[in-house]
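Structure, as structure tokens:
The values are calculated or read from the model by the stated rules, or taken from the named source; none is laboratory data. Only a predicted model underlies this, so the values are computations on that prediction, with no experimental measurement involved. Every residue, glycine as well, gets a Cβ built from its backbone with ideal geometry; the counts of neighbours run over all protein chains shown.
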């Protein structure tokens, strides 16, 4: 590892540590609807994303955006991408309570912003069991 990589890792670690509160808060929200990954897995994803964000920021520059702001955006995007495992779907309901369709996590986030204020409701449903849940039920098979 050369000096540039060491400096990059150190800067990413400093930013990641400063973002711990926000990262943990977001992970707690994500785990409420998709607990297929452990909190530690999401923390690892967050650090990797932070390192990539610092690297991208330094190589490309981001105009007037501060490094910390860019890293926050990049990390949150990575956490939600990690959570979008297709193991959870969201049922979408009209303001009258009628089922419309099932959507993935990525679609849910987009639609929630657009339609949530108009009375549309969403309910999550886990469709695939996590490895932990399967391991806890010895002798049961699909």
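Here are a few things to note about the model shown:
- Qualifying residue in region 31-48 (condition: free of Cβ contacts under 8 Å to residues at least 60 places away in the same chain and touching a strand residue (DSSP E or B) at 6+ places or on another chain (Cβ under 9 Å)): yes
- The set of residues from region 11-23 being surrounded by 11 or more Cβ atoms within 10 Å (Cβ to Cβ) and out of contact with any helix residue (DSSP H, G or I) (no Cβ under 8 Å at 6 or more places or on another chain) comprises 14, 17, 20.
- Scope region 84-142; condition at pLDDT below 80, more than 20 Å from the chain's Cα centre (by Cα) and either in a helix (DSSP H, G or I) or surrounded by 14 or more Cβ atoms within 10 Å (Cβ to Cβ) (or both); matching residues: 133, 134, 135, 136
- So residue 57, is it touching a residue at least 12 places away in the same chain (Cβ under 8 Å), assigned to a helix (DSSP H, G or I) and touching a strand residue (DSSP E or B) at 6+ places or on another chain (Cβ under 8 Å): no
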